[in-house]
1. With a 10 Å cut-off between alpha carbons and a GNM built on the chain, which of M164, M121, M67 moves the most?
2. Let's test the formula: R0 of 41 Å, r as the Cβ-Cβ distance of I165 and M67. What FRET efficiency results, to the nearest 0.05?
3. Which distance in nm do the two modelled labels at S116 and D99 give, with both placed 7 Å along the Cα-to-Cβ direction?
4. Just subtract the alpha-carbon distance of V12 and T123 from 0.36 nm times their residue separation and send over the number in nm, one decimal.
5. Rounded to a whole number, what % of the accessible area of the chain do carbon and sulfur atoms account for, probe 1.4 Å?
6. What does the C-alpha gyration tensor say about the overall shape of region 19-89? Classify as rounded when a/c is under 1.5, otherwise prolate if a/b is larger than b/c, or oblate.
7. Could you work out which residue, out of T16, T143, T123, moves most in a Gaussian network model of the chain, that is, has the largest mean-square fluctuation with Cα springs under 10 Å?
8. Where the only charges are on Cβ atoms (+1 Lys, Arg; -1 Asp, Glu), what is the dipole of region 61-178 about its Cα centre, to the nearest 20 debye?
Amino acid sequence: GETSDHSSGGGVSVATGPSTQTSSGRISLETKAAGVQGVSGAMSFGSGRSTAGDSGHLSMSTGEAHMGKSGMISIGVGTGNTGTGGDLIISAGESSDADHGGAIGIATGASTMTSSGSLSMSTSDAGLAGVSGDVVVQTGQATAGDSGSISVLSGQASGGKAGMIGMSVGSGDTGSGG
């Protein structure tokens, strides 16, 4: 519910039922398939605007597991058969204040016993009449100071060798090499 005084508006909480013996309940949110002359419905998750403070957080996480693996989070774009594929865009917040814009952090999971998780970034293979996608890593422009740095490094090792950094050009069968 809405309020006009200094209290917060009403909240909405959706939860499935717990279980003391087996699995808890499941939540499914989806739009249904479109007909032959339309598109399927969109889904939007967002927090409201704020004029006198921070806007709300949006958090998505899986629960802890004590006798198994923690749950997976999967974000994917569906396939299509006309035009280019759908984009997946991740961007941090912009700031018009003297402070800097929001950061993006990607980190793999740690392990207290064995190896930490791997991080892989690549473009997919090209089809029969195209080229594979580019990978571009760059910092933004600066108009009143230094532009950002790019660092590629491996971590320190205690009781073993430090990790290798390798760069190579793929092979081809037509024209000069890359």
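The values are calculated or read from the model by the stated rules, or taken from the named source; none is laboratory data. Because the structure is a prediction, the values reported are computed rather than measured. Note: ideal-geometry Cβ built from the backbone for every residue, glycine included; neighbour counts use all protein chains shown. Calculation scope for accessible area: heavy atoms of the full protein, side chains included, ligands and nucleic acids excluded. Shrake-Rupley method; radii C 1.70, N 1.55, O 1.52, S 1.80 Å.
1. Most flexible of the set in this elastic network: M164.
2. Working: r = 38 Å, r/R0 = 0.93.
FRET efficiency, I165 to M67: 0.60.
3. Taking the two extended label points, one gets 2.7 nm.
4. 36.0 nm
5. Answer for the chain: carbon and sulfur cover 49 percent of the accessible area.
6. Judged from the Cα gyration tensor, region 19-89 comes out oblate (a/c at least 1.5, b/c at or above a/b).
7. Among T16, T143, T123, the largest mean-square fluctuation in the Gaussian network model of the chain belongs to T16.
8. Details: 2 positive and 9 negative charges, 103 e Å.
For this selection, approximately 500 debye.
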